[in-house]
Amino acid sequence: MPGQKKTFPEKGSTENALLETMQAAQAQDARWREGRTFSMVFYPGMEAAKIQQEAYRMFFFENGLNPSAFPSLRKFETEVVAMSADLMHGDEHVVGNMTFGGTESILCAVKAAREWALEQKRNSSFRPEMVVPLSAHPAFDKAAHYFGITIHHAPLGPDYRANVEEMRKLINENTILIVGSAPAYPHGVIDPIEELGKLALEKNVLLHVDACVGGYILPFVERLGYPIPKFDFRVPGVTSLSMDLHKYGYVTKGASVILYKNSELRKKQYFVYTGWPGGIYASATVSGSRGGGAIAASWAMLHYMGIEGYLKMAKAVMEAVEKIKKRVSEIEGIHLVGNPDASVLAISSNHMDIFGIGDELTMKGWHIDRQQNPGSLHLTITYGNTPYIDEFLEDLEQAVREMRKPNLHKLSARMTIGLVKGASKILPPKTMSRLTSKFGNRKKKGIPKRSAALYGMMGVLPNKGDLRQIILNMLDGLNKMD
């Protein structure tokens, strides 16, 4: 059925009416203020948030597209980039820009690599390719899709880190870029960047380090004495690096930084068009107009916190991480995936339905992402979570106990997964595809609170094209008005 039609309002609403409607809608959101969201929101506390809000309001309408019109934003952006480069041990040649998210930073890096390679290899048969570990963020796949680049995914090592030898096998004369993560989002482990740097130099390709998650916490965790392997511009061969301010920089969305080894490489990121009647058009990043609020808030936050403030937050986060690691090791039936280097963790199980455990936690108000291969629950521990870790661990232990008992939800999930698995073996592939093409076209939008059956079913579908269609249906549903 088509969605309801929403007409454009004839008259404006009052402030009170607008705020009441918005507050009612907000009441349905994840409870991040109570520390119950282990992704999406990085909250620094009331005082730091207030500083950012004021800075954002001051530059609410300014546009970062034209630095000559707003030299204030140019000052803020260039200084944020310089401070970020300092954290990453960049020398005086390291340069960069602010973007509005990690995906945009990665798009910029891949676009720059493509332009660099096209200059290096001027022949009609050249077709750019890049090699990434299986754990690399899907933003690299998005970049490959947008920019016409073939992407190869190398299997991981037994420790869930990038397998350098497997990546080596995939490099050929068309390879322009290889990638490592610090840390990789799924399992929280840092790829062997030093080995990847040697490989990049040997093969004359660029190396991008995706530190979108770790860029603003790993330097402080290292200063606290934790063993963090080198991943930044200290490593020969690293040519670009992305790091998200709106993650462990605790800045409002969206704010990220893309850094390059030198200006010549950064120029490959730029877009310039000189034939437009409206004048010469030039933009440094993917975005055209850029709101000044996030740029100003980033500058304000870095100056407000300083190294001392970020060390304090990193210490609280790592103490919470150590507490989680200890408690998980004591709960029979669950374990951590790999050996996480810092504050990103994945919890899995060899004998229990980990998604069922996730459902129990969801019913207790915790928002936790689900992962696959292996099935796991993903935790990004932030400063906003730290006061509530004991409560979470109690609920986790209770959720494991609940999953050991027979219950209707567990039985229903098993039956659904079994039915799909059985049907996929009996029914012809075309029939199975027709059935799954209907799935996800739900009248009720979004993923249900109990999703163990959904994730389990997706895991047993033999045709990944069918799974893609299910996700497309669900995504389309999420983008329709209720």
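The values are calculated or read from the model by the stated rules, or taken from the named source; none is laboratory data. Owing to the predicted nature of the structure, the values given are computational and were not obtained by experimental measurement. For neighbour counting, all protein chains shown are included, and Cβ atoms are generated from backbone atoms with ideal geometry for every residue, glycine included. Heads up: the accessible areas ignore ligands, DNA and RNA and are worked out on the full protein's heavy atoms, side chains in. Shrake-Rupley method; radii C 1.70, N 1.55, O 1.52, S 1.80 Å.
Working from label points 7 Å from Cα in the Cα-to-Cβ sense, the K11 to L134 distance is 6.2 nm.
With a cut-off of 15 Å between beta carbons, the residues surrounding T78 carry a summed charge of 0, where Lys and Arg count +1 and Asp and Glu -1. A simple count of charges around V272, restricted to other residues whose Cβ falls under 14 Å of its Cβ and scoring Lys, Arg +1 and Asp, Glu -1, yields +3.
Residue separation of H335 and H89 scaled by 0.36 nm, minus their Cα-Cα distance, works out to 85.1 nm of gained length.
Which of rounded, prolate or oblate describes the stretch 1-65 when judged by the alpha-carbon gyration tensor and an a/c cut-off of 1.5? Because a/c hits 1.5 or more and a/b fails to exceed b/c, the stretch 1-65 counts as oblate. Classified by the C-alpha gyration tensor, the stretch 208-313 has an oblate form. Its axis ratio a/c, with a ≥ b ≥ c, is 1.5 or above, and a/b does not exceed b/c.
Put simply, when 244-251, 353-360 are sorted by average Cβ atoms within 10 angstrom per residue, most first, you get 244-251, 353-360. For the pair N204 and K267, a Förster radius of 25 Å applied to the C-beta separation gives a FRET efficiency near 0.80, rounded to the nearest 0.05. Computed over protein heavy atoms with a 1.4 Å probe, the accessible surface of the stretch 25-114 works out to 53 Å² per residue.
Calculate, for A27 and H153, the FRET efficiency according to 1/(1 + (r/R0)^6) with r their C-beta to C-beta distance and R0 30 Å; round to the nearest 0.05. Efficiency at R0 = 30 Å is approximately 0.15. Using only alpha carbons, the stretch 124-270 has a radius of gyration to Kirkwood radius ratio (Rg to Rh) of 0.95.
Under the rule a/c < 1.5 gives rounded, and otherwise a/b versus b/c splits prolate from oblate, where does the stretch 316-411 land using the Cα gyration tensor? It is prolate, given that a/c is not under 1.5 and a/b is the larger ratio. Amide H contacts of S376: Q371, each under 5 Å away and 5 or more positions distant or on a separate chain (H built 1.01 Å from N in the peptide plane; Pro and chain starts excluded).
For the stretch 7-64, carbon and sulfur atoms together expose 57% of the accessible surface, with a 1.4 angstrom probe and every protein chain in place. Between E34 and N123, the FRET efficiency estimated from the beta carbon spacing at R0 = 45 angstrom works out to 0.15.
Taking all protein chains in place and a 1.4 Å probe, what share, in percent, of the accessible surface of the stretch 147-288 do carbon and sulfur account for? That fraction is 55 percent.
Across the alpha-carbon atoms of the stretch 253-373, the computed radius of gyration and Dmax are 22.4, 69 angstrom. On the stretch 317-410, 47 percent of the accessible area sits on carbon and sulfur atoms, based on a 1.4 Å probe.
Roughly how many Å is it from the Cα centre of the stretch 186-238 to that of the stretch 24-78, as a whole number? With the stretch 186-238 and the stretch 24-78 each reduced to a Cα centre, they are spaced 28 Å.
Sorting 264-277, 303-316, 170-183 by average packing, meaning the other beta carbons within 10 Å per residue, from highest down gives 170-183, 303-316, 264-277. Charges on Cβ only, +1 for Lys and Arg, -1 for Asp and Glu, centred on the Cα centroid of the stretch 81-183; of L134, M167, G148, which one is farthest towards the dipole's positive end? Going by the Cα projections, it comes out as G148. Taking 7 Å along the Cα-to-C-beta vector as the label spot, tell me the N350-K50 distance in nanometres, rounded to one decimal. Inter-label distance under the simple model: 5.2 nm.
For the stretch 171-180, the Karplus equation 6.51 cos²θ - 1.76 cosθ + 1.60, evaluated at θ = phi - 60°, returns couplings of 7, 9, 5, 8, 5, 10, 8, 10, 9, x Hz by residue, with Gly and Pro reported as x.
Residues of the stretch 114-153 falling in the label zone of Q372, defined by backbone nitrogen less than 19 Å from a point 7 Å along Cα to beta-carbon, are 133-142, 152-153.
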